[in-house]
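Enquirer: Let me begin by handing over the structure; questions about it come next.
What follows is calculated from the coordinates using simple rules that are stated; it is not laboratory data. Just so we're clear, the structure is a prediction, and the values are computed from it rather than from any experiment. When we count neighbours, we look across all protein chains shown, and the Cβ atoms used for this are built from the backbone with ideal geometry, even at glycine.
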Amino acid sequence: MKKTGILLLNTGSPAAPTPDAVRKYLTQFLTDPRICPMNPRLWRFILKRFVLPKRSVASAAKYAAIWTEVGSPLDAITESLANKLMASLQSAGSNAVVTYAMSYGSPSVSEVLHCLVAKGCNHIIALPLYPQSALCTTEAVRDKLDEALAGLHQSPEVSFVENYYRKDAYIDAVTQTIRAAGFRAGTSDKLLFVFHSIPTSDIKDGDTYPEQTVWTVEAIAGKLGLAQNEWGLGYQCRFDKGRSWLGPSANVVLKELIAHNSDLFVVAPNFSIDCLETLYDIDILMRDSFLESGMVKSFHYVPCLNDSDLQIALIESVIEGS
């Protein structure tokens, strides 16, 4: 008899907003072969000697600014999403077990996969919570999953969801969230789509992430009925200056997009769950920068789908055919 385990997968967070905890997390994250920017031996030396001492302290301060009573927003919301999804599936008569794991930090893919197998799950639906796939996100998750499967005595059947950006339920959910935030087409409102950037070397290696992001924003803009001058697409969070990164930069696009007295809305459709990059880099840094400059009348960050009913319905539609 088939028993399904649904494994929601994401990047992860440090265990606490402290330099030591952040250093441990960043060491794991930045030594991943999918992330490592150069020869691993040389990179480990540079990382330990120069990068981690400064970055651990700076990142800890950022995490402290968004930390909640129940911990990291990414961890807490992902756990809530897993619980709500399982309740929804069980109310519909399913015996599926829903849980979550992180590529870096805790809970690890290995420990969670072992738990699912121990509970009798012989079919695993692995769902990376990245609507658009990329080598540094989706494939990094697949690496962790493959490593964990190799450590099992008897491997379950695995259905791996590559991406789901073309799902109508995804486009509709993001569109509804933008409207719910107050955005209105045909007014002074301007909408910026922000995506995490990737190294252009990944694109040369066959990563189709850029095409996926463009398809996504054009589909959402079409649903909203936007004119070309009402929206823009930009990328952010380049990790280092030694490599070329996918552009244009979000800040450059913003300056070209906004007009005096415009109301600015910013949405990050490649994130399913709010995290440091959305809650700090966009909703704090970008907000403060543009409000203080006087370039916009108001700034509105559009939250991720998080653990909303729209997100649950979306995931149910994604796993239905898996």
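Enquirer: Net charge around V174, counting only other residues with Cβ within less than 12 Å of its Cβ (Lys, Arg = +1; Asp, Glu = -1)? Can you show the working numbers first?
Expert: Values: positive: K167, R179, K223; negative: D168, D172.
After counting each charged neighbour, the total is +1.
Enquirer: Moving on to the next point. Hey, what did the stretch 168-302 get for relative contact order, percent, Cα under 8 Å, at least 6 apart?
Expert: Numbers: 185 pairs, mean separation 43.2, N = 135.
It comes to 32 percent, rounded to a whole number.
Enquirer: Do any trypsin sites (Lys or Arg not before Pro) in the stretch 1-70 lie in a loop, going by DSSP, with at most 11 other beta-carbon atoms within 10 Å of their beta carbon, and if so which? Intermediate values should be presented prior to the final figure.
Expert: Numbers: sites: K2, K3, R23, K24, R34, R41, R44, K48, R49, K54, R55, K62; in loops: K2, K3, R34.
Hits after loop and neighbour filter: K2.
Enquirer: Using DSSP, restrict attention to beta bridges with both residues in the stretch 168-302 and report what percent are antiparallel, rounded to the nearest 5. List each step's numbers first, then the result.
Expert: Details: 1 of 18 bridges.
Here the antiparallel bridges make up roughly 5 percent for the stretch 168-302.
Enquirer: Once you have the Cα-Cα distance between A87 and D32, take 0.36 nm times their residue separation minus that, and quote the gain in nm to one decimal.
Expert: Working: separation 55, 0.36 × 55 = 19.80 nm, distance 3.43 nm.
Stretched out fully, the A87 to D32 stretch lengthens by 16.4 nm.
Enquirer: Among (1) 0.96; (2) 1.16; (3) 0.99, which is the computed Rg/Rh (Cα atoms, Kirkwood Rh)?
Expert: (1)
Enquirer: Still on this model: Count the net charge of all other residues whose Cβ sits under 12 Å from the Cβ of E139, scoring Lys and Arg as +1 and Asp and Glu as -1.
Expert: Numbers: positive: R34, R142, K144; negative: D32, D143, D146, E162, D202, D205, D207.
Computed value for this residue: -4.
Enquirer: Same structure, new question: Compute the signed sum of charges (Lys and Arg +1, Asp and Glu -1) over the other residues within less than 13 Å, Cβ to Cβ, of Y25. Walk me through the numbers before you get to the answer.
Expert: Details: positive: R23, K24, R55, K62; negative: D20, D32, D75.
Net local charge, Y25 excluded: +1.
Enquirer: Separate question: Between D20 and T68, what is the label-point separation in nm under the 7 Å Cα-to-beta-carbon projection?
Expert: About 2.6 nm separates the two model spin labels.
Enquirer: Would you mind pulling out the separation of the Cα centroids of the stretch 2-62 and the stretch 282-309, in Å?
Expert: Between the Cα centres of the stretch 2-62 and the stretch 282-309 lies a distance of 26 Å.
Enquirer: Amide H of I125 versus every other amide H placed in the peptide plane: which residues, excluding those fewer than 5 positions away on the same chain, fall under 5 Å?
Expert: G5, I6, L7, S159
Enquirer: Between S188 and S94, how many nm apart are label points set 7 Å from Cα along the C-beta direction?
Expert: That separation, rounded to one decimal, is 4.6 nm.
Enquirer: At R0 = 30 Å, how high is the FRET efficiency between S317 and V57 if r is their beta carbon distance? Nearest 0.05 is fine.
Expert: Calculated transfer efficiency: 0.10.
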